[in-house]
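The numbers here are math on the coordinates, done by the rules we state, and not lab data. Everything numeric in this text was worked out from a predicted model, so none of it was measured. Neighbour counts are summed over all protein chains in view; Cβ atoms, including those assigned to glycine, are modelled from backbone coordinates with ideal geometry.
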Amino acid sequence: MSAVGFGSAVALKLTRVTYRQLDYWARTGLVGSSIRQAAGHGSRRVYSFQDLVALRVVARLLEAGVSLQAVRRAVEYLKRHSDRPLNTLALAGQGSRVYVLADDPSKMIEATAQGQVVIALDVEPIVRELRADVTELSATREIEVRARGRSFRVVLTPDLEAGGYTIEVPELPGCITEADTLPEARRMARAAVEAWLAAAAADPTRRRAHAR
C-alpha cells in the first residue's frame, strides 16, 4: 500500500480535512504531497500513505485543542530530529505543547513549548483505521445497466490518484470508459455499451467475437 499514490480528492475523503486546510498545509510546508507536488495550473498533488497518516495526525491534534502554531513547531522538530516516520510514533498534546514518546517509556521529548490539558494520541490506531478506509475506498464495485433491451454487468474500479472510476463491461471486449462520480459512471457505462453495440452491428468481426 505504501507505493500507492492518492490524489487530492481521495486524500480529502480519507483524512476528513477541508480543501482549504489541505492546500494551506501543502503551501506552507506543514504536510505536503511527497509523491508529486503541484507545479502550476492543471498539475495535481499526489500523496503517499504516510502523507495521509500525517494529515490525520495533524487534524486530530487540532481537534484536541492544540494550536496550529504548536503543531507546526512539533512537525518541524520531528523532521529535524527524528529518523522514524510519523506513522511509527506516539504523540501527546498539551494545549500549545506536543510531546513525542521516546523509546524509553519513562521519557517524553517536548517538541514545542508551554501548554495545558494533556491529551494522548497514539498514531498506530490512526494507521489501522486509514488502511481500512483505503481498502474500502479502493474496492471495485459492480452495477448493471440496460441497453437495447438487455442488462450488462459493469465493473467500476476507483482511481485513487486521479479520482473517479475506470469503467469496464467484461461481456464486451474493449468496452472501457471513465467517470468522476457514480451517477456519471452509470450514464457513461450506458453510453459506452450503446456505442459498442452500434459499432458491432456495423462490424461483422466484432459481432462474431461478441457472439462467442
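Some notes on this structure:
- Normalised by the number of residues in region 140-211, the mean separation of alpha-carbon contacts (under 8 Å, six or more apart) gives a relative contact order of 22 percent.
- Residues whose amide H lies under 5 Å from that of Y47, counting only those 5 or more places away or on a different chain, are F6, G7; hydrogens are built 1.01 Å from N in the peptide plane.
- FRET efficiency estimate (nearest 0.05) - Cβ-Cβ, T166 to R16, R0 22 angstrom: 0.30
- Shown is the FRET efficiency for Y24 and D133, computed with R0 = 25 Å from the Cβ-Cβ distance and rounded to the nearest 0.05: 0.65.
- Averaging 1/r across all pairs of distinct Cα atoms in region 140-211 and inverting the result yields a Kirkwood radius of 12.4 Å.
- Extension reserve of the E144-E194 stretch, reckoned as 0.36 nm per residue once the Cα distance is removed: 16.6 nm
- Given charges at beta-carbon only (K, R positive; D, E negative), |dipole| of region 140-211 in Debye: 540 debye
- For A147, the amide hydrogen comes within under 5 Å of the amide hydrogens of F152, counting only partners 5 or more places away or on other chains and with H modelled in the peptide plane.
- What the phi angles of region 46-53 give under the Karplus curve with 6.51, -1.76 and 1.60, with θ = phi - 60°, is a coupling list of 10, 9, 8, 4, 4, 4, 5, 4 Hz, glycine and proline written as x.
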